[in-house]
Amino acid sequence: MPDLSTTYLGLKLKNPLVVSASPLSKRVETVQRLEEAGASAVVMYSLFEEQVTFETRQLDHFVERSANHHAEALSYFPNMPFYNFGASTYLTHLENVKKAVSIPVIGSLNGVSSGGWLDYARKIEAAGADALELNIYYLPTDPKISSQTLEENYVELVYSVRSSLKIPLAVKLSPFFTALPYMARRFTEAGANGLVLFNRFYQPDFDLENLSVVPNLELSTPQELRLPLRWIAMLYGRIQADFALTGGVHSAQDVVKAMMAGASVTMLASELLANGVGRLKTILANLEHWLVAYEYDSISQMKGSMSQLHCAEPSAFERANYMRALTTFDHQLF
Ligand SMILES: Cc1cc2nc3c(=O)[nH]c(=O)nc-3n(C[C@H](O)[C@H](O)[C@H](O)COP(=O)(O)O)c2cc1C
């Protein structure tokens, strides 16, 4: 029997299949089923900065008895309690999940600014979370704000969260940085113990009949694996952090690829949302079969084996691959 165990954020996990932040953690009973199916840890759905500030503003409104001058801005946001009940209830739910399962439970905070809402990092820790995932999801639209200004803010945010916590911290980041390795280094220097690659940006569509913008959430496809796979392979060993791969993990082979790139864990959402919690059991069994068939004794034996750690010039290697891909396609056609 191969050893599937791995270590992520200092947590000893029985295998590399972690449930990604998603509605899969909304019900205690589902988390119990995920544990039974073999999940080694679960990341809770996110508590959003807007949700915390919304509650605070509601409180202010009652205290001051003034008109809600934030009404316009707040009207953009969905009915947050519908997704995750509300900030204070999030903590109670986290406590209940924690009591109901023995696998590690990772809390998730989703926001962009430093400020009072960050108290919730400590509250999530106090509620029993084994680690915290900080999701920095922000789409800058102001042409006057430079990437440097934004990046300093992100680093400051990571630093403030790190300083308020004892539990390990992971940062879930976007792939859209001009110098991703630089940012990965800055985040780890600011105290992130792990990096979760990547945040998935949802592109809304236009409804031409109603002339409205419609939020559009499509579940991932296995092709999406390639972006985080490539980046983890490039960062592994160069950045002192654990890597979690999220995005496009649908099969045992995807998990093997992630491990070979250098990930400590894979995180799954779409596959389980589409095909049910039971899929975890199948992926786990297939993973074990794969290791046996290819004569691996353990997951750790394959970790980083396909990374670019020993490649002197990863940028030149990437460029050569890019050129090869374009030119060989030409040759096949003509
Ligand atoms: C319905 C849904 C809800 C999600 N909610 C969150 C969330 O609250 N916080 C977060 O960090 N990621 C959230 N995600 C992103 C997932 O955690 C994951 O990173 C992404 O779906 C890519 O993984 P996948 O290919 O396995 O789906 C959500 C994804 C889906 C599909």
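The values are calculated or read from the model by the stated rules, or taken from the named source; none is laboratory data. Predicted model only: the values in this text are computed from it and were never measured. Neighbour counts run over all protein chains shown; Cβ positions are idealised from the backbone, glycine included. The accessibility values were calculated without ligands, DNA or RNA, using every heavy atom of the protein model including side chains. Shrake-Rupley method; radii C 1.70, N 1.55, O 1.52, S 1.80 Å.
Using a probe of 1.4 angstrom and keeping all protein chains present, the accessible surface of the chain works out to 52 square angstrom per residue.
If I build a Gaussian network model for the chain, linking alpha-carbon pairs within less than 10 angstrom, which residue out of Gly194, Gly115, Gly304 has the largest mean-square fluctuation? Highest fluctuation among the options: Gly115. Roughly how many percent of the accessible protein surface of the stretch 234-331 is carbon and sulfur, given a 1.4 Å probe and a whole-percent answer? It is 54 percent, rounded to a whole number. Each DSSP beta bridge with both residues in the stretch 6-332 is either parallel or antiparallel, and the antiparallel ones are about 15%.
About its Cα centre, the dipole of the chain is roughly 640 debye, where the only charges are +1 on Lys and Arg Cβ and -1 on Asp and Glu Cβ. Toward the positive end of the charge dipole of the stretch 6-332, with +1 on the Cβ of Lys and Arg and -1 on the Cβ of Asp and Glu, the farthest Cα among Leu309, Trp117, Tyr90 is that of Leu309.
Based on the Kirkwood radius over alpha-carbon pairs, what value in µm²/s does the Stokes-Einstein equation return for the translational diffusion coefficient of the stretch 6-332 at 4 °C and 1.567 mPa s?
Values: Rh = 21.0 Å.
My calculation gives 62 µm²/s for D.
By the Stokes-Einstein formula, at 1.002 mPa s and 20 °C, the stretch 176-334 with its Kirkwood radius over alpha-carbon pairs has D equal to 121 µm²/s.
What does the C-alpha gyration tensor say about the overall shape of the stretch 283-334? Classify as rounded when a/c is under 1.5, otherwise prolate if a/b is larger than b/c, or oblate.
Working: a/c = 4.41, a/b = 1.75, b/c = 2.51.
Oblate is the answer for the stretch 283-334, as a/c is 1.5 or above yet b/c matches or exceeds a/b.
Mean residue ellipticity at 222 nm from the helices of the chain, using -39,500 (n - 2.57) per DSSP H segment of n ≥ 4 over the full residue count, to the nearest 500 deg cm²/dmol? Calculated from helices alone, the mean residue ellipticity at 222 nm is -13500 deg cm²/dmol. Annotation: amide H of Leu268 within the under-5 Å range of Val18, Val19, Ser20, sequence separation 5 or more or interchain, hydrogens built in the peptide plane. Within the listed set Lys99, Lys26, Lys303, the Gaussian network model of the chain (springs between alpha-carbon atoms below 10 Å) gives the highest mean-square fluctuation for Lys99.
Normalised by the residues of the stretch 80-210, what does the relative contact order come to in percent, with Cα pairs under 8 Å and at least six apart?
Values: 164 pairs, mean separation 28.5, N = 131.
It rounds to 22 percent for the stretch 80-210.
Counting only residues at least eight positions apart within a chain, or on another chain, the lysines with an alpha carbon under 17 Å from that of Lys257 are Lys303.
Past 25 Å, Cα to Cα, is the threshold; run Lys14/Lys98; Lys12/Lys172; Lys166/Lys281; Lys14/Lys166; Lys144/Lys166 against it and keep the listed order. Walk me through the intermediate numbers first.
Values: Lys14/Lys98 17 Å; Lys12/Lys172 20 Å; Lys166/Lys281 33 Å; Lys14/Lys166 23 Å; Lys144/Lys166 37 Å.
As for pairs spanning more than 25 Å Cα to Cα, those are Lys166/Lys281; Lys144/Lys166.
Sequentially through the stretch 274-279, phi angles give Karplus couplings (6.51, -1.76, 1.60; θ = phi - 60°) of 7, 10, x, 4, x, 4 Hz, Gly and Pro residues having no value and appearing as x.
Per-residue 3J(HN,Hα) values for the stretch 2-7, derived from phi via the Karplus relation 6.51 cos²θ - 1.76 cosθ + 1.60 with θ = phi - 60°, read x, 8, 8, 5, 8, 10 Hz in sequence order (x marks Gly and Pro).
Structure remark: mean-square fluctuation, Gaussian network model of the chain, C-alpha springs under 10 Å; the largest value among Ala131, Ala170, Ala293 belongs to Ala293.
Report, in debye and to the nearest 20, how large the dipole of the stretch 198-240 comes out about its Cα centre when Lys and Arg carry +1 and Asp and Glu carry -1 on their Cβ.
Rounded to the nearest 20 debye, it is 540 debye.
Taking Cα atoms only, the orientation of helix 314-333 departs from the longest principal axis of the chain by about 70 degrees.
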